[in-house]
Amino acid sequence: MEGVVKIVILSVVFMVSQISCQEAVLHISSGPTYKEYCIVYNRSWTPLKPSLDTAEQYPLLNMISTALCNGSGLSPDVVKGKALVVMRGECDFSQKALNAQSLGATALLIASNHSLMTPSANDSEYAKIHIPLALMRYRDILDAQQVFGNDMEVKLYAPPQSKIDPSIAVILLISIVTVVLGGYWSGACERERLSGCAAGAGGGENKADTGELSLYSPLKVVIFVALMCGMLVLMYLYYSVLVYIIIAIFCLASASALFSCFDAVLEKIGCGTVSFSIKNWNFSVRSLILAAVCITIAVIWGVYRNEESWIWILQDLLGIAFCLNFMKTISLSNFKICVILLSLLLVYDVFFVFITPFFTKDGVSIMVQVALGPDAGEKTQGNMVEIPAEPQAPSEKLPVVMRVPRFSAWAQNLCGMQFSILGYGDIIVPGLLVAYCSRFDVWTNSRKKIYFVSCCIAYLLGMMLTFAVMLLSGMGQPALLYLVPFTLITSAVVAGCRKEMKQFWTGTPYEVLDSSRDPLLPEGRTDSSIGQRC
């Protein structure tokens, strides 16, 4: 059952990173009183000043009673030198802008009752318009009129957003720390298990006893990936129902994972516990307290999961615990299985991101649609942005990403918080290979942990390349496209240089026969002489 739960969770943990938006600030003032609002503009059409001090100030003329599809009935003397606010609809943005420009207006604001989308026009129209043009929420102009009356001065400015936001460094730190700790934990568990076998602890305990799930055959891997594909397609077709099931499963799985992580830490530092029995049932005080804390954290996240301002902290904490526990409990038996699994998941990731838009009716990739949700408050495509004009009920999103607010996002409180994000799958999938390398170091008694360290470095370089390509292209990237080749090739090169490829490929520290039989036995040994493998 636990394996099925992990397949369900893993099947929806791939997604793309957030792209940059075209948002700006409308500064409205009257004397010493001022207030700022979110506006959406087009950089290539009407560039704005980068700061409030350099932006020009204009008197604001409220004309929301008209759509300004023609200039008849308006006196240039009334409009000249002012910023106009008109209603959206009835004609193109470019036509409104040309009419406002011909009347002598210095800027045009278009109030909208609908979602604010980046204003665009035919390329031939861009060169004709020389005044700033932006969309604002209709409710914002009503609010400004109530606060300031008709005596309003406005400035439009767009502070530059640094592409290299500090949140990217935080995401990078979270990912590499999680992968390193997960790999180390997996290796430590393997060392303890082998020590127990060597000590003859009841013949050793097997993986089933420790709750571990091992992928040891190519057929299992293919079935595993096929189930993930099926789950993703089901999520795309029945998102509105299945999203709540995934949220409930995540709460249970992450609470259990958090308990395992905390319990391992307390065990490592030597924290004792007190046990007691009730009707032949043994209970640990430490376990009961930990269980209460972990369940409380998961419940708080489940209740307040749509509170963007702070809930991301709990989601990241639960996500880190989930990834760590996944890497510790799911073991890949040899490098052959690692190659097959990671290669199939790479194809899976690229296919559902880049290929599925050719088959869906709305041209949106299945991966992105599932990750962002069909009713997400903000949808982006290319360099276009869409922001709701009216407050909306928060849309449910799958808890499958690490989220860190963009620290340099100047419009966070105006247009909505912006996040740098990374899917759990971009941590778990390469992390399974890192965990295998860590276990192989244990099998070969490698003091320098050469496989583990080199694979972690490869993961770090792959993540850095992913972010570099994302920043240069301005588009989200499927991270596995870079992480899988980096980690697989690095691990294979290390094994080749150490002349241990046969052992690394088959998952044993001994020389193996050139045979395809499974299991492969050490040369000159029988099954009983290998040593217990728990």
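The values are calculated or read from the model by the stated rules, or taken from the named source; none is laboratory data. It should be emphasised that the depicted structure is a prediction, and the values quoted were computed from it without experimental measurement. When we count neighbours, we look across all protein chains shown, and the Cβ atoms used for this are built from the backbone with ideal geometry, even at glycine.
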_Just checking, does the range 333-341 include any residue being in a helix (DSSP H, G or I), closer than 26 Å to VAL221 by Cα and not assigned by TED's automatic domain parsing to the domain that holds GLN503?_
no
_Anything in the range 325-336 that is crowded, with 22+ Cβ neighbours inside 10 Å and either modelled with pLDDT of 95 or more or touching a Phe, Trp or Tyr at 6+ places or on another chain (Cβ under 6 Å) (or both)? List them, or say none._
LYS328, LEU332, PHE335
*Across the range 43-76, which residue is farthest from the chain's Cα centre (by Cα) among those that are under 17 Å from PRO159 (Cβ atoms) and among the β-branched types (Val, Ile, Thr)?*
THR54
*For the range 126-158, name all the residues that are over 27 Å from ASP92 (Cβ atoms), surrounded by fewer than 16 Cβ atoms within 10 Å (Cβ to Cβ) and of a type outside the set (D, E, K, R).*
GLN146, VAL147, GLY149, ASN150
*Looking only at the range 355-371, and only at residues there that are part of a helix (DSSP H, G or I) and free of Cβ contacts under 8 Å to residues at least 40 places away in the same chain, the one that is surrounded by the most Cβ atoms within 10 Å (Cβ to Cβ)*: THR356
*asked:* Quick check on my filter: what residues within the range 312-324 are surrounded by 18 or more Cβ atoms within 10 Å (Cβ to Cβ) and more than 17 Å from VAL180 (Cβ to Cβ)?
replied: TRP312, LEU314, GLN315, LEU318
*So which residues in the range 321-332 are among the small types (Gly, Ala, Ser) and in a helix (DSSP H, G or I)?*
ALA321
*Given (1) of a type outside the set (Gly, Ala, Ser); (2) in contact (Cβ under 8 Å) with a residue 12 or more places away in the chain; (3) not in a loop (DSSP other than H, G, I, E, B), where does THR66 come up short, assuming only one miss?*
(3)
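Considering only the range 465-477, I want to know if a residue exists there that is touching a Pro at 6+ places or on another chain (Cβ under 9 Å) and not aliphatic (A, V, I, L, M).
yes
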_Can you confirm whether LYS96 is under 19 Å from SER112 (Cβ atoms), modelled with pLDDT of 85 or more and either of a type outside the set (Phe, Trp, Tyr) or in the same structural domain as TYR482 (by TED's automatic domain parsing) (or both)?_
yes
*Quick one: LEU61 ticks every box in (1) within 23 Å of ASN42 (Cα to Cα); (2) of a type outside the set (Lys, Arg); (3) in contact with a strand residue (DSSP E or B) (Cβ under 8 Å, 6 or more places away or on another chain); (4) in a helix (DSSP H, G or I) except a single one, so which number is it?*
(4)
*Consider SER72 carefully, then state whether it is loosely packed, with under 15 Cβ neighbours inside 10 Å, closer than 30 Å to TYR482 by Cβ and of a type outside the set (Asp, Glu).*
no
*asked:* What's the number of the only condition in (1) in contact with a Pro (Cβ under 6 Å, 6 or more places away or on another chain); (2) exposed (fewer than 13 other Cβ atoms within 10 Å of the Cβ) that ASP77 fails to meet?
replied: (1)
*asked:* With at pLDDT 90 or above, surrounded by 15 or more Cβ atoms within 10 Å (Cβ to Cβ) and more than 21 Å from the chain's Cα centre (by Cα) as the only criterion, which of CYS294, CYS251 stands out?
replied: CYS294
